[in-house]
1. Would you pick out the residues in region 143-178 that are of a type in the set (Phe, Trp, Tyr) and either loosely packed, with under 15 Cβ neighbours inside 10 Å or within 30 Å of Lys132 (Cβ to Cβ) (or both)?
2. For region 84-108, give me each residue that is part of a loop (DSSP other than H, G, I, E, B), more than 22 Å from Ala170 (Cα to Cα) and not basic (Lys, Arg).
3. Take the residues in region 275-294 that are of a type in the set (Val, Ile, Thr) and buried (at least 23 other Cβ atoms within 10 Å of the Cβ), then tell me which one is nearest to Pro7 (Cα to Cα).
4. If the Cβ limit is 6 Å and pairs must be 6+ apart or interchain, which residue in region 278-304 that is touching a residue at least 40 places away in the same chain (Cβ under 8 Å) and more than 12 Å from Thr247 (Cβ to Cβ) pairs with which residue that is surrounded by fewer than 18 Cβ atoms within 10 Å (Cβ to Cβ) and not charged (D, E, K, R)?
5. Which ones in region 154-211 are charged (D, E, K, R), in contact (Cβ under 8 Å) with a residue 60 or more places away in the chain and assigned to a loop (DSSP other than H, G, I, E, B)?
6. Those residues that are part of a loop (DSSP other than H, G, I, E, B) and surrounded by 15 or more Cβ atoms within 10 Å (Cβ to Cβ), I need them from region 40-56; list them, please.
Amino acid sequence: MNLKKLPKIELHCHLDGSVRPETIIEISKLECVNLPSYEINTIKSMMIAPMECLSLDEYLKGFEIPIAIMQSKESLKRVTYELMEDSAKENIKYIEIRFAPLLHINKGLSIEEIIGSVLDGIKEGENKYDIKGNLILSFLRHMPIETVYDVIEVGKKYLGKGVVAIDLCASEQKGFCSKFIKPFLLGKEYGYRVTIHAGETGIGENVLDAVTILGAERIGHGIYIKDCKDAYDIVKDKNIVLEMCPTSNVQTKAVDSFEKHPVLDFYRDGINITINTDNRTVSNTTLTNEYDILKDKFEIDIEIYKKIYLTAVNAAFTDLGTKRKLEKDLEKYFIK
């Protein structure tokens, strides 16, 4: 099973967590952004989270430098294109990139300019490579609620033009969903799909809330449904898809080790799982590497791979034509 050559699908990938370190240095010099260092290994050490992170909050420190340089239309387009390029080169055929537009207003860009620039980068990648991309608009859970409305209102212009969904991310506290009921209800009325980071840091009840209160169709991570029967049951019964990210989950201490990751237990019990990188740079990984881990630790075979791939096809926030192409990409690989 040549994992690198297999067609792949990525549903959970953060733009600011996937910036090339070399690009950080180049953009900082072009746009006069001060960095703590301009030495590549130092920048890498500041961006790549250690496997022994103490918590999710420590893991999130790796985003500070990328966000500092992602404050112009040119930089946003470039890092997006490069993510598309990196993904295509390991045969990812479809990717949903997520980012928080409000993190990129520090130098005066409008929300419309920010979203438009990222979509331009996606389009450039699509034009050059055999990959399709869509965009998920994320909100940090600690940001003022009125700013969520600002992004939802601007982003609706791009629904059907690359923007497909809304998301909540960053530090996770119990009961966070109740704060976002009204804006997410409005978003669903406009046509946004919904995926929510929940159950990543020990609070399985948040997954239950994300599904029942916010209407989440997919859950980012969802590890801790294992400790909350009601959350586990609703994910299984409603066919909610889990966007699982093994390396990230070990780094953030959602699980203690790869061997203790519940991903295959979930799969065997009929829960819909997908495999993702979360952050290519911060987790120092690729989608091929994530599947390598599953192959090494859990001995997944090609039949399991096919089922996970097709689960991702069905869960993708994209049109039917793209889904059919993704199915054919898998078929063509095995016809060769």
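The values are calculated or read from the model by the stated rules, or taken from the named source; none is laboratory data. Predicted model only: the values in this text are computed from it and were never measured. Cβ sites come from the backbone with ideal geometry, for glycine too, and all protein chains shown count toward neighbours.
1. Of the residues in region 143-178, the ones of a type in the set (Phe, Trp, Tyr) are 149, 158, 176.
Those that are of a type in the set (Phe, Trp, Tyr) and either loosely packed, with under 15 Cβ neighbours inside 10 Å or within 30 Å of Lys132 (Cβ to Cβ) (or both): Tyr149, Tyr158.
2. Within region 84-108, Glu90, Asn91, Gly108 qualify.
3. The initial filter retains those residues of region 275-294 that are of a type in the set (Val, Ile, Thr), namely 275, 277, 281-282, 285-286, 288, 293.
If we keep only those that are buried (at least 23 other Cβ atoms within 10 Å of the Cβ) as well, we get 275, 277, 281-282, 285.
Values: Ile275: 13, Thr277: 15, Thr281: 21, Val282: 23, Thr285: 17 Å.
So, considering only residues that are of a type in the set (Val, Ile, Thr) and buried (at least 23 other Cβ atoms within 10 Å of the Cβ), the one nearest to Pro7 (Cα to Cα) is Ile275.
4. Ile302/Met1
5. First, pick out the residues of region 154-211 that are charged (D, E, K, R): 156-157, 161, 167, 172, 174, 179, 182, 188-189, 193, 200, 205, 209.
From the residues that got through so far, the ones that are in contact (Cβ under 8 Å) with a residue 60 or more places away in the chain too are 167, 172, 193, 200.
Result: Glu172, Glu200.
6. Of the residues in region 40-56, the ones part of a loop (DSSP other than H, G, I, E, B) are 48-55.
The answer is Ile48, Ala49, Cys53.
Residue-by-condition table, conditions (1) at pLDDT below 95; (2) within 26 Å of Asp256 (Cα to Cα); (3) outside any helix (DSSP H, G or I):
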{"residue": "Tyr38", "(1), (2), (3)": "yes, no, yes"}
{"residue": "Glu58", "(1), (2), (3)": "yes, yes, no"}
{"residue": "Phe63", "(1), (2), (3)": "yes, yes, no"}
{"residue": "Tyr81", "(1), (2), (3)": "no, no, no"}
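The rows are residues; the columns are (1) under 21 Å from Arg218 (Cβ atoms); (2) out of contact with any helix residue (DSSP H, G or I) (no Cβ under 9 Å at 6 or more places or on another chain).
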| residue | (1), (2) |
| --- | --- |
| Thr274 | yes, no |
| Thr286 | no, no |
| Asp292 | no, yes |
| Glu303 | no, yes |
| Tyr309 | yes, no |
| Ala312 | yes, no |
